[in-house]
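Each remark here refers to the structure printed beneath this line.
All of the numbers you see were taken from the coordinates with simple rules; none came from a lab. Source: prediction; values computed, not measured. Every residue, glycine as well, gets a Cβ built from its backbone with ideal geometry; the counts of neighbours run over all protein chains shown.
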Amino acid sequence: MSSIKTCIEDTSASTTIGNLRVGPQSSLVLLLRALEMGIQPLPLEKEAGRNLPNGVRIGIPSGGDKVMPTYRPEDLFRLDARTVVVTGGLGSVGIGLARTLSYYGADVVLIDLLPSPSEETIEMLNTVASTHKREISYVSCDVTNEESVSDAFKRITSTAVSPIRGLVACAGLSGRCPAVDYPVDNFRKIMEINVTGIFLCARAIARIMHHQQLSGSIVMFASMSATNVNKGVDTCAYNTSKSAVLQLARSLAAEWGNDGEHPPIRVNTISPGYIMTPMTRPTFEEFPELRKIWQEGNMLGRMSTVDEHQSSVVFLLSDGSSYMTATDLRADAGHCSW
């Protein structure tokens, strides 16, 4: 099916082909590509109790030297036969990623707080899914609530049409206020969404990847504000939260990259510079001087668009970045290099 849906059904049945177990919604392309890459199927007797979303059993590269297989150039940036979960999925960044990730072959699950997308968004995503013959789904979730996150990822697991191999954590909140007047509840809310929410989703998807015995990639949206202070605005809570995201990513990368029991999960961050979004325009209307300050604060003399950061996400999710982890990819037009 190539249409957006709310994840509710259970599709756990599978059949056996040789020594591989294949679910009813699995793609033979996944199996052939895995074999081409030198990834060896695990015998069924070694896989008792392990249920992938689509029933496929795939192991880790064979051999004792731990050298990963060589990828074909045409596959380096493809995301076929994998599901990618995007938090903050109904924001401008999340919607843009749904289009781009589908184009590169991924099935996409969007997570956000609203009960459902708008009719206009549903229509647009249905068109994208149909065009690229991929699945785009939506799950309502409060990323700051542990139970809500657990329930959401259970639904995602039960309905995924391909193995869950990626997470893009771009749910986030900002807020400006002088530090001496900053309400502590507002400070805590920003930390809960920007840090705790990312941790809960990363932990949930890592558990799934470990259960699948498949490698994966987690991309967290940090910010150039993690390493500098934004001129002209008082955003101490936001800046602090984004610095925490950098260190969270490094810590998880260290734990999940080579634990000796599971295929590696790579964890990286993206630190964009200023982005022109629907949320930015009201700020410029209230503080028109900021437009000039922000544009002149980098080496290209302009702000970025949402689309300019999507290739970074594709790169970090794909096999083209297979030797990158605990890395921050900063795309700020040289802002932090002045």
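What the table shows:
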| read-out | value |
| --- | --- |
| Cut-off under 5 Å, modelled amide H: who pairs with Y182 long-range | none |
| Contour minus Cα-Cα distance for Q247 and F284 (0.36 nm per residue) | 10.2 nm |
| Residues V233, V85, sorted so that the one with the fewest Cβ neighbours within 10 Å comes first | V233, V85 |
| Karplus 3J(HN,Hα) series, Hz, for segment 323-332 with 6.51 cos²θ - 1.76 cosθ + 1.60 (x for Gly, Pro) | 9, 10, 7, 6, 10, 9, 9, 9, 10, 10 |
| J(HN,Hα) series, segment 282-288, from Karplus relation 6.51 cos²θ - 1.76 cosθ + 1.60, nearest Hz, glycine and proline x | x, 5, 5, 5, 7, 10, x |
| Distance (nanometres) between label positions extended 7 Å along Cα→Cβ at L113 and S311 | 3.4 nm |
| Phi-based couplings in Hz for segment 230-240 (Karplus 6.51, -1.76, 1.60; Gly and Pro marked x) | 5, 6, x, 9, 9, 10, 4, 5, 4, 4, 4 |
| Peptide ranges 196-206, 74-84 listed from the most packed, as the mean C-beta count within 10 angstrom indicates | 196-206, 74-84 |
| Amide H partners (placed H, <5 Å) of A331, local residues excluded | S271, G273 |
| Ranked list, fewest to most other Cβ atoms within 10 Å of each Cβ, for K189, K242, K231 | K231, K189, K242 |
| Which of A331, V267, S304, positive extreme of dipole for segment 256-333 (C-beta unit charges) | S304 |
| Long-range amide H partners of S137 with built H, under 5 Å | K5, V108, V109, L110 |
